[in-house]
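Taking it in order: structure first as structure tokens, then the write-up.
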Amino acid sequence: MTPMAEEQPQIRKEIVLKDGTRILVKKLSRGDGPALKEFNDTLSVPSKTFFNPHLYTDEIIAKVIERSEADLDRSYVAWVENQIIAYFFLWDMDTPTPLLGIGIRDDFQGQGLGRLLMEILIEDAKNSLKDGIELTTMPGNDAAFNLYKKMGFVYVGDVDNEQADRTIVKERRMFLSLRPGAKPLIKTFKPPVY
């Protein structure tokens, strides 16, 4: 269920898909926890394999929302009626190169929504004067990898990425430079909350 009207953050963007579906993009905020859990529950096993940013316990979701409200992360949810159909973010907004993540419900994949959500995140990073944006993507997630390349991201090598369950997986690291001479930071890839 969407948050009560007085608690709803301002709409960041309204997107209308080719089929006329109206999507409202809002910053992740208090009240979104149950719908965010439901979003994760609706993802297929392959989608959960490719998009596993953190656990979806009440405690973790509360920490994620707290970081979003403090603007340590720029986290958004995309709503269709009373359901979250996408969850996307720039983690670590207090660094020169935040980390991008996008998860889209299976029945909304393949409609160009990923590109539109990425444009929002890239605009946020530019407006926040970030040096660049980093991301990691699983081997085998070729659709996302190719979209990232079309959006200007460059493959910079493989990296160990700590998953929500604390397992380590090898992923492809990509970087989008937003300033001349910007380079990816040397960092450990892991969720900001456990």
- Task: Kindly give the semi-axes, whole Å and largest first, of the ellipsoid equivalent to region 1-112, taking each as the square root of 5 times a Cα gyration tensor eigenvalue.
- Result: 20, 17, 15
- Message: In whole percent, and with a 1.4 Å probe on the protein chains, what portion of the accessible area of the chain is carbon and sulfur?
- Response: 51 percent
- Task: May I ask you to derive the FRET efficiency for Thr42 and Lys183 from their Cβ-Cβ distance with R0 = 35 Å, giving the value to the nearest 0.05?
- Result: 0.40
- Whole-angstrom gap from region 134-168 to region 38-107, using each part's C-alpha centre: 16 Å
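Using DSSP loop states and a limit of at most 15 other Cβ atoms within 10 Å to flag trypsin sites (Lys or Arg not before Pro), what is the longest stretch of the chain containing no flagged site?
Numbers: sites that count: Lys18, Arg30, Arg166, Lys187.
Of all site-free stretches, the longest is 31-165.
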- Expected unfolding gain across Leu17-Leu129 under the 0.36 nm per residue rule, minus the alpha-carbon gap, is 37.4 nm
- Query: Ignoring ligands, DNA and RNA, what accessible area per residue does region 38-132 give at 1.4 Å, in Å²?
  - Reply: 42 Å²
- Task: Would you compute, from DSSP H runs of 4+ residues alone, the mean residue ellipticity of the chain at 222 nm, taking -39500 (n - 2.57) per run and dividing by the full residue count, rounded to the nearest 500?
- Result: -8000 deg cm²/dmol
- Message: Once ligands and nucleic acids are excluded and a 1.4 Å probe is used, how much of Phe108 is accessible, expressed in Å² to the nearest 10?
- Response: 20 Å²
- Note on the structure: Under the 7 Å Cα-to-Cβ spin-label approximation, Glu69 and Thr95 lie apart by a distance in nanometres of 2.5 nm
- Directionally averaged projected area (convex hull, Cα atoms, the chain), nm²: 10.3 nm²
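Only helices at least 15 Å long along their axis, Cα-based, and averaging -0.5 or more on Kyte-Doolittle count here, so list those DSSP H runs from the chain.
On the way: long enough: 58-69 (16 Å, -0.31); 113-127 (21 Å, 0.34).
Those that clear 15 Å and a mean of -0.5 are 58-69, 113-127.
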- Translational diffusion of region 91-174, µm² s⁻¹ [Kirkwood Rh, Cα pairs; Stokes-Einstein; 20 °C; 1.002 mPa s]: 157 µm²/s
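The values are calculated or read from the model by the stated rules, or taken from the named source; none is laboratory data. Predicted, not measured: the structure shown is a model, and the values here were computed from it. Neighbour counts run over all protein chains shown; Cβ positions are idealised from the backbone, glycine included. These accessible areas exclude ligands, DNA and RNA; they are computed on the full protein's heavy atoms, side chains included. Shrake-Rupley method; radii C 1.70, N 1.55, O 1.52, S 1.80 Å.
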